[in-house]
Amino acid sequence: MSEESNLLMRQEETTTAKPFIPIEDFAYWLRDLGKCTSYRGSYVSLNRAGADVLAADADKAFQSNVKCQDMAQNRVDQAICEAKQKMETCISTAGNSSFFQEFRQRFDYRLDSLREKLDLLRTPENTAIVDEMADYLMASEIHRKAKAICDDLSERYSLQAASVYYGEISYNAWDPSEFETGIVKLVAKCFTRYGFSCYEAIQAIEKDAQSALDRFQADFNTQMQEEILSCIIEPMQRMISRLRDTKTMRSK
């Protein structure tokens, strides 16, 4: 074989060879894996339509105080239902917009990248160690743990009883008998109208829903970081020491 052919062969081998990354770089990205927890925003804003009925509004006010209170509580119930639906969207493991799904996407992306970096450390002499390390880079077990954590936390965080929010409703009355006397006053009293405002109740529901989601997400992130640390990062860090000890680690 001519010298020119030997040179071309060496150039081809150099061109097709896998790029090299230092083991320190891999160790850095391994430690960084724990940062892939959920950072999804969870701002809760509820509909306020129909939350305010003025007693002075003859077209909307109620002739019965009992009816007024029933309608006000029904409006608060609607807000509670809306808040629970928004919370479920974030907490459920089934929805595409949940903390769980966002975590999976971030985790799977970083895990795939880490697998690629690990493969760049492979040599014929360290294949057994690299294969053993690759066994830790499996998403299924972390997915299972994340789902279990979400299911457990969803039982802990919820809104207060509806009666608490009913206490935030304010009522108002329009009494035409206020400035009348005698029989006219009694007649006018029959035309009293009643209204309500649920704004403060809805604000309280929003605040509680937001607080519950924030605490849920914080707890979920903390527990997942601990799982990733114990299941992946710590055992692989111990194996990196073995990888460094191999005499045939690819040099720069």
Checklist entry - In the range 115-129, which residue that is within 34 Å of the chain's Cα centre (by Cα) and either in contact (Cβ under 8 Å) with a residue 24 or more places away in the chain or in a loop (DSSP other than H, G, I, E, B) (or both) is surrounded by the most Cβ atoms within 10 Å (Cβ to Cβ)? => result 118
Checklist outcome for this item: Given (1) among the charged types (D, E, K, R); (2) open to solvent by 70 Å² or more (accessible area, probe 1.4 Å); (3) in contact with a strand residue (DSSP E or B) (Cβ under 8 Å, 6 or more places away or on another chain); (4) at pLDDT below 95, residue 200 misses just (4)
Checklist outcome for this item: Here the residues within the range 157-178 that are within 20 Å of residue 61 (Cα to Cα) and modelled with pLDDT under 95 are 172, 173, 174, 175, 176, 177, 178
Next on the checklist: Tell me the residue from 60, 86 that is part of a helix (DSSP H, G or I) and either of a type in the set (Lys, Arg) or at pLDDT below 90 (or both), please.
Outcome noted: 86
Next on the checklist: One residue is enough: does the range 205-215 have a residue meeting the conditions open to solvent by less than 70 Å² (accessible area, probe 1.4 Å), farther than 20 Å from residue 77 by Cα and at pLDDT below 95?
Outcome noted: no
Next on the checklist: If I ask for residues that are at pLDDT 90 or above, over 25 Å from residue 226 (Cβ atoms), out of contact with any Phe, Trp or Tyr (no Cβ under 7 Å at 6 or more places or on another chain) and among the aliphatic types (A, V, I, L, M), which ones from the range 1-53 would you list?
Outcome noted: 44, 46, 49
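The values are calculated or read from the model by the stated rules, or taken from the named source; none is laboratory data. Predicted model, so just to flag it, every value in this text is computed and none were measured. Neighbour counts are summed over all protein chains in view; Cβ atoms, including those assigned to glycine, are modelled from backbone coordinates with ideal geometry. Just the protein is used for accessible areas: all its heavy atoms, side chains included, with ligands, DNA and RNA removed. Shrake-Rupley method; radii C 1.70, N 1.55, O 1.52, S 1.80 Å.
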